[in-house]
Amino acid sequence: MKFVCAAIILLITLSAGAQRMNFSRFSYAEGLNTYNIKKTVQDRYGFIWVATQDGLYRFDGGRFEAFRKSGTAAVGLRENFIFDMSYPGGDELYLASFRGGIDRINVRTLEVTHCLPDPKRIDVDTHDLWISKLTCDRFGNLWIGGKDYLAVSRAGKQGLVSLSDVVKSGSSEQMTFIKPVDSGIMAVGIADKGVLLYDMATLKLVALLDSLGPGIRVPEYQISDLLVHDGAVFIATNTTLVKGRIHNRRWIFERHIPLPGLSGAVITCMAADESGTIWLGTNSGLGSYKTGTGTFALLQSDLYRKRWLEDNTINHLMIDRHNNLWIATLKALQAVNLNPSSFTPYTGDHPGSDGMDHLYALIARYGRAV
């Protein structure tokens, strides 16, 4: 197995000193022949796996390899439109596809296995397995969610355990996430209902968080994502963050964090980097919240800037082991390295600068100028 971590970091750069972010774009030239990127994960060998509307892709630092539904393959993907994927950390990557159920691909051998039986034989109402959320917990159980259902496929057992009654009750059934908050509790976000906390071992509902703090009640505040960072739990509503902790299966409120500039936007995803910055994907750009200083900034696409954010509609964020931020959007897959750099980038898009499409040589001018 070829390790690719070192190669990936060479592709994308950032100048922290100049406060300039250089975004790399991956597309047809590298073999990524689609758009509407849904999610990215990194496996233990360093490969980046990309879920799209046209199959699964694996990036080795230079090229993308595609995995799609095939009528000739002995065992291929059931469907090409992959809504979600879950990587628990070993050799197995789980995929949830449009009306295709769940596939498991071994990231070492690339062998594909269909995890669930034929959709017609499943006794839990999953609406033809239109699965939008998928998470594998530490017990090997698969948590499966859709527009109006929640079910668990327990490791080593046949069939699904339905938890849909709680999900459906008094809700429009828009599931926004299924994520663990610690080693024993799974959190399920329902936009206008709140955050459901389940015991992973017993599958019992232990709490419903519909009031996150003073004056912060669902559905006035819609639940959109959850992030566990440095022992704290951050819950994203449409335009704000709520910081707290889970202790003895109870929510302890700490702080409400309004985010200026996000009025009318919706937070879709979150990720935290090594410096403690929380990156926020929205439908209006890429936000950054510095937990140390409490400052917030919003980056938005600009057609006239080179090596910049190309799409404001962000589906997913992932930070790999080299502190690269991968940005999955409706139009493209982009990435930027968040490590400090001594290099200052010049792209020719600063006021008074000439265009710099090709650079052939550098000549000393005077002092430190070139």
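Quick look at the values:
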item: Of residues in the range 307-328 being under 16 Å from the mean Cα position of the chain (by Cα) and among the acidic types (Asp, Glu), the one surrounded by the fewest Cβ atoms within 10 Å (Cβ to Cβ); result: Asp320
item: In the range 100-113, the residues that are closer than 20 Å to Lys133 by Cα and either surrounded by 15 or more Cβ atoms within 10 Å (Cβ to Cβ) or touching a residue at least 60 places away in the same chain (Cβ under 8 Å) (or both); result: Gly100, Gly101, Ile102, Asp103, Arg104, Ile105, Val112
item: The range 191-215, residues that are in contact with a strand residue (DSSP E or B) (Cβ under 6 Å, 6 or more places away or on another chain) and either farther than 24 Å from Gly146 by Cβ or of a type in the set (Gly, Ala, Ser) (or both); result: Ala191, Gly194, Ala207, Ser211, Leu212, Gly213
item: The range 209-251, residues that are assigned to a strand (DSSP E or B), without any contact (Cβ under 8 Å) to a residue 40 or more places away in the chain, surrounded by fewer than 17 Cβ atoms within 10 Å (Cβ to Cβ) and not hydroxyl-bearing (Ser, Thr, Tyr); result: Arg217, Ala232, Arg245, His247
item: Among (1) of a type outside the set (S, T, N, Q); (2) outside any loop (DSSP other than H, G, I, E, B); (3) at pLDDT 80 or above, the one test that Leu77 misses; result: (2)
item: Failed item, numbered, when Ile190 is tested on (1) of a type in the set (Val, Ile, Thr); (2) touching a helix residue (DSSP H, G or I) at 6+ places or on another chain (Cβ under 8 Å); (3) touching a residue at least 40 places away in the same chain (Cβ under 8 Å); result: (3)
item: Members of the range 284-306 that are in a loop (DSSP other than H, G, I, E, B) and surrounded by 16 or more Cβ atoms within 10 Å (Cβ to Cβ); result: Ser284, Thr291, Ser301
item: The range 258-272 - residue that is at pLDDT below 95 and under 19 Å from the mean Cα position of the chain (by Cα) and, of those, nearest to Thr176 (Cα to Cα); result: Val266
item: Qualifying residues in the range 95-130 (those that are aliphatic (A, V, I, L, M) and within 13 Å of Phe81 (Cβ to Cβ)) - the one modelled with the lowest pLDDT; result: Leu129
item: Tally of residues being of a type outside the set (Val, Ile, Thr), surrounded by fewer than 17 Cβ atoms within 10 Å (Cβ to Cβ) and either modelled with pLDDT under 95 or not in a strand (DSSP E or B) (or both) across the range 193-202; result: 1
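For (1) farther than 23 Å from Ser288 by Cα; (2) modelled with pLDDT under 85; (3) surrounded by fewer than 21 Cβ atoms within 10 Å (Cβ to Cβ), each residue gets a yes or a no:
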{"site": "Ala7", "(1), (2), (3)": "yes, yes, yes"}
{"site": "Leu10", "(1), (2), (3)": "yes, yes, yes"}
{"site": "Leu14", "(1), (2), (3)": "no, yes, no"}
{"site": "Tyr28", "(1), (2), (3)": "yes, yes, yes"}
{"site": "Thr40", "(1), (2), (3)": "no, no, no"}
{"site": "Tyr45", "(1), (2), (3)": "yes, no, yes"}
{"site": "Ala51", "(1), (2), (3)": "yes, no, no"}
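The values are calculated or read from the model by the stated rules, or taken from the named source; none is laboratory data. Computed from a predicted structure; not experimentally measured. Note that we place each Cβ from the backbone using ideal geometry, even for glycine, and neighbour counts take in every protein chain shown.
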